[in-house]
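Undergrad: First the structure, then my questions, so here it is.
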Amino acid sequence: MDTVDKETRSRVMAAVHSEGTKLEQQLIAILESAEITGFVRNEKSLPGKPDIVFMDAKVAMFLDSCFWHGCPKHLRRPSSNDTYWRAKIDNNVKRDRRNRAKLRGMGWSALRIWEHDLEKSSLIIQRVRRALERSETKNGARLSQNESEQPEL
């Protein structure tokens, strides 16, 4: 059961922003700590409006919160208004899949970073570097021998 009335809950949920969030700031700090640069934020011209985009490399990153994007590990669906929330989150998951597929169809790499992955900054850095290296390979650049496969998150 929700601890606040319907109007209060609606006001709280409407105040949730999709840009400039604390999670986004954490991800940017991780990238900057690894001296990964050359990205833009919240690119509206691409499907799904990725949170971080490396335009030249054609790498798009989505930072997905566990609640809004239906994390299989951490989603706790609200107990009240179950029909609404189930449909809302399920539609978000479907939309996310469509947007990543559209990007791949346009020749982009689409990385999904879950909110809970922010605790694993070294793995995020490895994933981003690997995606950028793959892009360089597609464009004919050579990689050094020590830049081999790295673990997934």
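Undergrad: Collect the residues in the range 79-120 that are assigned to a helix (DSSP H, G or I) and under 20 Å from residue 134 (Cα atoms), keeping them in residue-number order.
TA: 100, 101, 102, 103, 104, 105
Residues are listed down the side, and each one gets a yes or a no for (1) over 20 Å from residue 43 (Cβ atoms); (2) modelled with pLDDT of 95 or more; (3) not aliphatic (A, V, I, L, M):
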position: 99; (1), (2), (3): no, yes, yes
position: 126; (1), (2), (3): yes, yes, yes
position: 130; (1), (2), (3): yes, yes, yes
position: 135; (1), (2), (3): no, no, yes
position: 144; (1), (2), (3): yes, no, yes
position: 147; (1), (2), (3): yes, no, yes
position: 150; (1), (2), (3): yes, no, yes
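Undergrad: Under 9 Å by Cβ, and 6 or more places apart or on different chains, what pairs join a residue from the range 66-88 that is closer than 23 Å to residue 48 by Cα and touching a residue at least 24 places away in the same chain (Cβ under 8 Å) with one that is among the acidic types (Asp, Glu) and in a helix (DSSP H, G or I)?
TA: Correct list of pairs: 66/115; 69/96; 69/115; 71/115; 74/115.
Undergrad: Those residues that are modelled with pLDDT under 90 and aromatic (Phe, Trp, Tyr), I need them from the range 55-83; list them, please.
TA: 67, 68
Undergrad: Please verify whether the range 57-78 includes one or more residues that are part of a helix (DSSP H, G or I), in contact with a Lys or Arg (Cβ under 8 Å, 6 or more places away or on another chain) and aromatic (Phe, Trp, Tyr).
TA: No, the range 57-78 contains no residue that is part of a helix (DSSP H, G or I), in contact with a Lys or Arg (Cβ under 8 Å, 6 or more places away or on another chain) and aromatic (Phe, Trp, Tyr).
Undergrad: Please work out which one of (1) at pLDDT below 95; (2) farther than 21 Å from residue 100 by Cβ; (3) surrounded by 11 or more Cβ atoms within 10 Å (Cβ to Cβ) is the condition residue 23 fails and give its number.
TA: Against the list (1) at pLDDT below 95; (2) farther than 21 Å from residue 100 by Cβ; (3) surrounded by 11 or more Cβ atoms within 10 Å (Cβ to Cβ), residue 23 comes up short only on (2).
Undergrad: So for the range 30-48 (the condition being under 19 Å from residue 121 (Cα atoms), among the β-branched types (Val, Ile, Thr), outside any loop (DSSP other than H, G, I, E, B) and within 12 Å of the chain's Cα centre (by Cα)), does at least one residue qualify? Steps first, answer last, please.
TA: First, the residues of the range 30-48 that are under 19 Å from residue 121 (Cα atoms): 30-39, 41.
Now narrow it down to the ones that are among the β-branched types (Val, Ile, Thr): 30, 36-37.
The next check asks that each one be outside any loop (DSSP other than H, G, I, E, B); those that pass are 30.
Now drop any that are not within 12 Å of the chain's Cα centre (by Cα), which leaves none.
No, the range 30-48 contains no residue that is under 19 Å from residue 121 (Cα atoms), among the β-branched types (Val, Ile, Thr), outside any loop (DSSP other than H, G, I, E, B) and within 12 Å of the chain's Cα centre (by Cα).
Undergrad: Also, quick follow-up: Please name all residue pairs, on different chains or six or more residues apart, with Cβ atoms under 9 Å, provided the first residue is in the range 105-119 and is under 23 Å from residue 66 (Cβ atoms) and the second residue is acidic (Asp, Glu) and assigned to a helix (DSSP H, G or I).
TA: 112/96
Undergrad: Please specify each residue of the range 120-135 satisfying the condition of being hydrophobic (A, V, I, L, M, F, W, C) and free of Cβ contacts under 8 Å to residues at least 40 places away in the same chain. Give the derivation first.
TA: Step one: filter the range 120-135 for residues hydrophobic (A, V, I, L, M, F, W, C), giving 123-125, 128, 131-132.
Listed by number, the list holds a single entry, 123.
Undergrad: Which condition breaks for residue 37 when tested against (1) surrounded by 14 or more Cβ atoms within 10 Å (Cβ to Cβ); (2) among the β-branched types (Val, Ile, Thr); (3) more than 30 Å from residue 5 (Cβ to Cβ)?
TA: (1)
Undergrad: Considering every residue within the range 43-54, establish whether at least one is buried (at least 19 other Cβ atoms within 10 Å of the Cβ) and within 30 Å of residue 5 (Cβ to Cβ).
TA: Checked the range 43-54: no residue is buried (at least 19 other Cβ atoms within 10 Å of the Cβ) and within 30 Å of residue 5 (Cβ to Cβ).
The values are calculated or read from the model by the stated rules, or taken from the named source; none is laboratory data. Bear in mind that the values here come from a model prediction, so they are computed numbers and not experimental data. Here Cβ is always computed from backbone atoms with ideal geometry, including for glycine, and neighbour counts include all displayed protein chains.
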